[in-house]
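> Can you read through this structure? Questions will come right after.
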Amino acid sequence: QVQLVESGGGLVQPGGSLRLSCAASTSINLMNHMGWHRQGPGKERELVAIITNGGSTNYADSVKGRFTISRDVAKNTVYLQMNSLKPEDTAVYYCNTRPLFTLREYWGQGTQVTVSS
């Protein structure tokens, strides 16, 4: 079992910044990847950013240049730095992972991000 706990969401004005954190209950070095997904109102869940076990990153086109995913292996924590936020970034943001050599995915409970003036 892997537990993921997100934090850092909130209300921010357009153009503002937030940093989300995802703390894992086990070593993230044992994970195939760590990812951030989001689900906006009336929308399907979508991948926002991912960092692989080897440290490679990938982003949705809609957030490239504005969001940065990073990790602190010592703290078993992954971050999502979100800059230049737009109203369309409003969503519940979920942390996701899959342990190496397994097929089971784990999800956090989600954290709400609202971008509004």
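The values are calculated or read from the model by the stated rules, or taken from the named source; none is laboratory data. Just so you know, these numbers come straight off a predicted model, no measurement behind them. Virtual Cβ from ideal backbone geometry, glycine too; neighbours counted across all protein chains shown. SASA here: full protein model, heavy atoms, side chains in, ligands and nucleic acids out. Shrake-Rupley method; radii C 1.70, N 1.55, O 1.52, S 1.80 Å.
> Assuming 0.36 nm per residue, please report the length gained on full extension of the stretch Q112 to K75 beyond their Cα-Cα distance.
Residue separation times 0.36 nm, minus the Cα-Cα distance, leaves 11.0 nm.
> If r is the Cβ-Cβ distance from K86 to S7 and R0 is 25 Å, what FRET efficiency results, to the nearest 0.05?
0.70
> Using a 1.4 Å probe on the protein heavy atoms only, what accessible surface does S70 show? Give it in Å² to the nearest 10.
Around 50 Å² of this residue is reachable by solvent.
> Ignoring the sites themselves, what is the longest stretch of the chain with no GluC sites (Glu not before Pro) in a DSSP loop and at most 13 other beta-carbon atoms within 10 Å?
The longest such stretch corresponds to 45-104.
> Would you pull out the residues with amide H under 5 Å of T26's amide H, same chain only if 5 or more places away, H placed 1.01 Å from N?
Q3
> Taking θ = phi - 60°, what integer Hz values does the Karplus form 6.51 cos²θ - 1.76 cosθ + 1.60 yield along region 45-54, in sequence order, with x for Gly and Pro?
5, 9, 6, 9, 7, 9, 10, 7, 4, x
> Per residue of region 92-97, what does 6.51 cos²θ - 1.76 cosθ + 1.60 with θ = phi - 60° give for ³J(HN,Hα)? Whole Hz please, x for Gly and Pro, Karplus curve as stated.
Couplings: 8, 9, 10, 8, 9, 8 Hz.
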